[in-house]
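Enquirer: Below you'll find the structure I mean.
Bear in mind that the values in this text are calculations on the coordinates, not laboratory data. Since we're looking at a predicted model, the values are computed, not measured. Cβ placement follows ideal geometry from the backbone for every residue including glycine, while neighbour counts extend to all protein chains displayed.
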Amino acid sequence: MKIVFRLVDTTGRKLDKLLSEPFKTGLRVGCDALELVPQTDEDRELRTSNLRFALEKLETAYTHTEARDANGRFYIRFFQGLLSAGMRSPAYTKKYLSDCISVLKKRVEHLRHEKENPRQTRYSVDKGGNQ
């Protein structure tokens with residue numbers, strides 16, 4: 001979970017402080033709930049309640065994240081998929097993670113293009129036109 005938290009932390013920093021609250025809260029509560037190993041029925045109920053709360057917070061964050069922020073939306077949906085899996089909800093897990101597939105395909109294609117055309121990639125990244 002710490003790796004996921006580090007990856008999405010940069011997304012949280014990009015969001016406006018007011019709008020990032022649901023993202024940060026959902027992430028924190030969700031990570032805590034996923035790391036918890038329930039030992040009693042009450043533990044299981046509280047874990048489920050916290051997972052639902054985290055999903056709701058992340059849905060609010062997704063709403064506030066602008067469509068042009070593909071990274072932010074990707075990480076929110078990815079984490080919602082992990083939370084849904086933690087709740088043993090295959091339909092929602094599939095829904096949230098399916099939203100991530102197109103982004104992952106684009107990233108893989110970009111990496112392939114970089115590998116096959118390293119000079120072109122460096123040139124296109126360098127705004128000064130230097131290779």
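Enquirer: Of all the residues that make up region 19-35, how many are closer than 18 Å to SER89 by Cα, touching a residue at least 40 places away in the same chain (Cβ under 8 Å) and surrounded by fewer than 19 Cβ atoms within 10 Å (Cβ to Cβ)?
Expert: Count: 0.
Enquirer: Consider ALA67 against the criteria (1) crowded, with 16+ Cβ neighbours inside 10 Å; (2) under 23 Å from LYS106 (Cα atoms): it satisfies all of them except one. Which criterion is unmet?
Expert: Exception for ALA67: condition (1).
Enquirer: Could you list, in sequence order, the residues of region 66-97 that are closer than 16 Å to SER20 by Cβ and more than 10 Å from the chain's Cα centre (by Cα)?
Expert: GLU66, ASP69
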